[in-house]
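Novice: I have a structure here, written as structure tokens, and I will follow up with some questions on it.
The values are calculated or read from the model by the stated rules, or taken from the named source; none is laboratory data. Bear in mind that the values here come from a model prediction, so they are computed numbers and not experimental data. Ideal geometry is used to build each Cβ from the backbone, glycine not excepted, and the neighbour counts take in all protein chains shown.
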Amino acid sequence: MQQPLAYRMRPQNLDEVVGQQHLVGQDQIIRRMVAAHRLSSMILYGPPGTGKTSIASAIAGATKYAFRMLNAATDTKKDLQIVAEEAKMSGTVILLLDEIHRLDKTKQDFLLPHLESGRIVLIGATTENPYMSILPAIRSRSQIFQVFPLTPQDIGKAVDRALADADRGLGKYPVDLTASGRDYLLSATNGDLRAALNALELATLSTPEVAGRITLDDTVMHQSLQQRAIAGDADGDAHYDLISAFQKSIRGSDVDAALHYLARLIVIGDLPSILRRLLVIAYEDVGLANPQTASRTLTAIQSAERLGLPEGRIPLANAVIDLCLAPKSNTAIAAIDAAIADVQAGKSGSIPDDLRDAHYKGAAALGHGVHYKLPHDYPNGFVKQQYLPDKLRGRHYYQPKQTGKYEAALAQRLAQLRQWQQ
């Protein structure tokens, strides 16, 4: 069985790597390491199909070292031992360890001495943020390099190369990739070269010849690709980036960006994250500037839960637009976080005796609740009285902002109460 086109077209040297020129371009770090024969272990992290395996393959091809590929999740310690034995015999082996964020401690402990000795040059590949997902012992022994989604121009270079290469690519087929087909392929794969090459091969092998030519237009490429590549599966680093962008766009009142990120979350089917995040945003970011938004958001969430997808997208869109265009206030979360920070810093103090529980026999003898004044018994439902512990007297957590009529009214009432309390 023939290997996929993306596999066959893997770079054999650094000059064949498309994109990631900040790492492999002239005078850049990985190219300098290879030229100086001073390889060190590294971790490459970024979205799928952006060249992590290609870079590892190119390094191996440029240095002539043995190149082995393993998966941290599925391959065993015995597989690592085989690589270590080969390294002992040949001197150096470049090991591409995919999904390195799944490396367990047993495998890590086995690898560490081989990394220290330099017999194994580890190139870890991961879609996860290594600072959050990779064990410190491995991370501290590796250079960490980020790779980025490829541009359409980058993917175009690789596509053209694959169409022209008769040995590894599709050069032996009479393919005519139309301008519309090429444009669709380069944009629809969202920076994922593997997806682009494999869709190109599928289209080539499944499209019948007409007058001796295989014509690949945008319709054929759409059928071959089916689903545009989307970064942000239901877990992992890209997912958290997507959720973060979603909330920050709503917080920044950019309704178009917010709807875009909502669409991406809907397409990957992550309804639970959408619902939870919208409710958080209603209280955290809109907050006291427009409290009614929270109840409308909750109604939209309940409707979306009952409807499910795809119909649930309708109340979700309503909620997102409402939240985006509402005035914003973070005074509530800022207030509670300031109070929590004081408690965590040990700034608590004793509860004033007047506020202590006085419902039990003997409380009066302890002075608990004796002089408590019930505000309802006084004009305006207010009486001057100390509520904060002595250590925190005069401390103000809630600091209102001028975000609209509601919080302006709160600010006015608060100023009046604080004046009466003096």
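Novice: Go through Asp109, Asp154, Asp104 for me and flag whichever is within 30 Å of Met89 (Cβ to Cβ), of a type in the set (Asp, Glu) and within 25 Å of the chain's Cα centre (by Cα). Walk me through it before giving the result.
Specialist: Working: Asp109 fails: within 25 Å of the chain's Cα centre (by Cα); Asp154 fails: within 30 Å of Met89 (Cβ to Cβ).
So the residue among Asp109, Asp154, Asp104 that is within 30 Å of Met89 (Cβ to Cβ), of a type in the set (Asp, Glu) and within 25 Å of the chain's Cα centre (by Cα) is Asp104.
Novice: Any residue in the range 243-265 that's closer than 14 Å to Ala319 by Cβ and without any contact (Cβ under 8 Å) to a residue 60 or more places away in the chain: show its pairings with residues that are assigned to a loop (DSSP other than H, G, I, E, B) and of a type outside the set (Val, Ile, Thr) at Cβ separation under 9 Å, as long as the two are six or more apart or on different chains.
Specialist: Every condition considered, the pairs that remain are Tyr261/Gly232; Leu265/Gly232.
Novice: If you take just the helices (runs of 4 or more DSSP H) that sit entirely in the range 290-384, which of them hold at least 2 residues that are touching a Phe, Trp or Tyr at 6+ places or on another chain (Cβ under 8 Å)? If you could, list the steps in order and put the result at the bottom.
Specialist: Details: elements: 292-307, 313-325, 331-344.
By residue number, 331-344.
Novice: Let me ask you something else. Would you tally the residues in the range 308-361 being closer than 30 Å to Leu392 by Cβ and among the charged types (D, E, K, R)?
Specialist: Quick first cut of the range 308-361, residues closer than 30 Å to Leu392 by Cβ only: 328-360.
If we keep only those that are among the charged types (D, E, K, R) as well, we get 328, 337, 342, 347, 353-354, 356-357.
Of the residues in that region, 8 qualify.
Novice: Quick check: anything in the range 75-85 without any contact (Cβ under 8 Å) to a residue 24 or more places away in the chain, crowded, with 17+ Cβ neighbours inside 10 Å, over 20 Å from Ala137 (Cβ atoms) and not aliphatic (A, V, I, L, M)?
Specialist: no
Novice: If you take the residues of the range 168-189 that are buried (at least 21 other Cβ atoms within 10 Å of the Cβ) and either farther than 19 Å from Thr219 by Cα or of a type in the set (Asp, Glu) (or both), which of them is farthest from the chain's Cα centre (by Cα)?
Specialist: Filtering the range 168-189 for residues that are buried (at least 21 other Cβ atoms within 10 Å of the Cβ) and either farther than 19 Å from Thr219 by Cα or of a type in the set (Asp, Glu) (or both), the one farthest from the chain's Cα centre (by Cα) comes out as Leu170.
Novice: Inspect the range 63-82 for any residue being within 30 Å of the chain's Cα centre (by Cα), more than 22 Å from Ser117 (Cβ to Cβ) and not hydroxyl-bearing (Ser, Thr, Tyr) and give the result as yes or no.
Specialist: Yes: one or more hits.
Novice: Got a number for residues in the range 7-50 being within 30 Å of Leu135 (Cα to Cα) and part of a helix (DSSP H, G or I)?
Specialist: 13
Residue-wise test of (1) at pLDDT 90 or above; (2) among the charged types (D, E, K, R).
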{"residue": "Val18", "(1), (2)": "yes, no"}
{"residue": "Arg32", "(1), (2)": "yes, yes"}
{"residue": "Ser40", "(1), (2)": "no, no"}
{"residue": "Gly61", "(1), (2)": "no, no"}
{"residue": "Phe67", "(1), (2)": "no, no"}
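Novice: Out of all the residues in the range 296-306, is one or more within 28 Å of Leu410 (Cα to Cα), of a type outside the set (Ser, Thr, Tyr), crowded, with 16+ Cβ neighbours inside 10 Å and touching a Gly at 6+ places or on another chain (Cβ under 8 Å)?
Specialist: No, every residue in the range 296-306 fails to be within 28 Å of Leu410 (Cα to Cα), of a type outside the set (Ser, Thr, Tyr), crowded, with 16+ Cβ neighbours inside 10 Å and touching a Gly at 6+ places or on another chain (Cβ under 8 Å).
Novice: Checking the conditions here, which among Asp285, Asp256 is surrounded by fewer than 17 Cβ atoms within 10 Å (Cβ to Cβ), of a type in the set (Asp, Glu) and assigned to a helix (DSSP H, G or I)?
Specialist: Answer to the check: Asp256.
Novice: Restricting to the range 138-167, what's the tally of residues that are surrounded by 15 or more Cβ atoms within 10 Å (Cβ to Cβ) and either in a loop (DSSP other than H, G, I, E, B) or small (Gly, Ala, Ser) (or both)?
Specialist: So the answer is 10.
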